[in-house]
Amino acid sequence: MDLTTLAATSAEPTGFAAWVISVMEALGGPGAGMIVALENLFPPIPSEVILPLAGFTASQGNMSVIGAILWTTLGSLIGALALYGIGATLGRDRTRAIAAKIPLVKISDIDRTEAWFAKHGIKAVFFGRMIPLFRSFISLPAGVERMRLATFTLFTTLGSLIWNTVFVLAGYLLGQSWYLVEEYAGLFSRAVLITAILTVAAFIAIRIRNNRRERQLSEAPTVRLARVPAEAPTEEIRRIR
């Protein structure tokens, strides 16, 4: 039985889920951030369980839901930066060698993530934060390739904020039924990803339309009106008389 199944077997948290809640109850938001950071460093730990539990803990009054979202997003960023640093420091071969020794981590997943990053770059970092396993692995090739740190930080934060907000809010709203989020994690993941893609596409389309409109206005010929002498109307009146 894996961690996900163990966490979702009943409405009353037990095992791993109970431990997560106990840490969050004891430490509040920082505890949630710490666990999410560990989840990034050890991908087999499912964020689809941890994030709803943060929302559930917030619903019990142990922290605010906004605090849960912000702290878990900070935890996501810290974990991602740690993996980025590992990739940048150790390089591709040594990073792969270490990843191969981590239980439940497949080198084929690392290969797919590297290929995706090589093809999509920034987009892979942003959308990768909303795809299980890729959420953690995408930071490694970004570090290996020495992606600009400010860019990596920005798009990691944005992607993590979207993903974390959806799952934390779901756990917060469901309360004792938080485990239902895990059962529909695949649906949630696809919905978040599709929404993010459509939002980015709409933003790009609006920018392109506005730029095209500005270009057309700047290239439009300027019409100059001929100046009519001030005395012309007077001369015309005299002729009529």
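The values are calculated or read from the model by the stated rules, or taken from the named source; none is laboratory data. Computed from a prediction, not measured in an experiment: that's the story for all the values here. Cβ atoms come from the backbone with ideal geometry, glycine included; neighbour counts cover every protein chain shown.
Being closer than 22 Å to N164 by Cα and in contact (Cβ under 8 Å) with a residue 24 or more places away in the chain, is that true of even one residue in segment 94-111? Taking every residue of segment 94-111 in turn, none turns out to be closer than 22 Å to N164 by Cα and in contact (Cβ under 8 Å) with a residue 24 or more places away in the chain.
Condition first: modelled with pLDDT of 90 or more, surrounded by 17 or more Cβ atoms within 10 Å (Cβ to Cβ), of a type outside the set (A, V, I, L, M, F, W, C) and more than 16 Å from the chain's Cα centre (by Cα). Can you find one or more residues in segment 134-156 that meet it? The answer is yes, given that some residue of segment 134-156 is modelled with pLDDT of 90 or more, surrounded by 17 or more Cβ atoms within 10 Å (Cβ to Cβ), of a type outside the set (A, V, I, L, M, F, W, C) and more than 16 Å from the chain's Cα centre (by Cα).
Any residue in segment 134-157 that is farther than 20 Å from A37 by Cβ, in contact with an Asp or Glu (Cβ under 9 Å, 6 or more places away or on another chain) and of a type in the set (A, V, I, L, M)? Yes.
Of the listed requirements (1) of a type in the set (A, V, I, L, M, F, W, C); (2) in contact with a Lys or Arg (Cβ under 7 Å, 6 or more places away or on another chain); (3) without any contact (Cβ under 8 Å) to a residue 60 or more places away in the chain, A118 misses just one: (2).
I50 - would you say it is surrounded by 21 or more Cβ atoms within 10 Å (Cβ to Cβ) and either at pLDDT below 95 or more than 26 Å from I138 (Cβ to Cβ) (or both)? Yes, satisfied. Scanning segment 203-215 finds no residues that are touching a helix residue (DSSP H, G or I) at 6+ places or on another chain (Cβ under 7 Å), at pLDDT below 80 and not hydroxyl-bearing (S, T, Y). Each residue in segment 113-133 was checked for being over 12 Å from the mean Cα position of the chain (by Cα) and part of a helix (DSSP H, G or I), and 8 of them qualify. Only one of the numbered conditions (1) under 29 Å from I69 (Cα atoms); (2) over 15 Å from the mean Cα position of the chain (by Cα); (3) not in a helix (DSSP H, G or I) is not met by K101, and that is (1).
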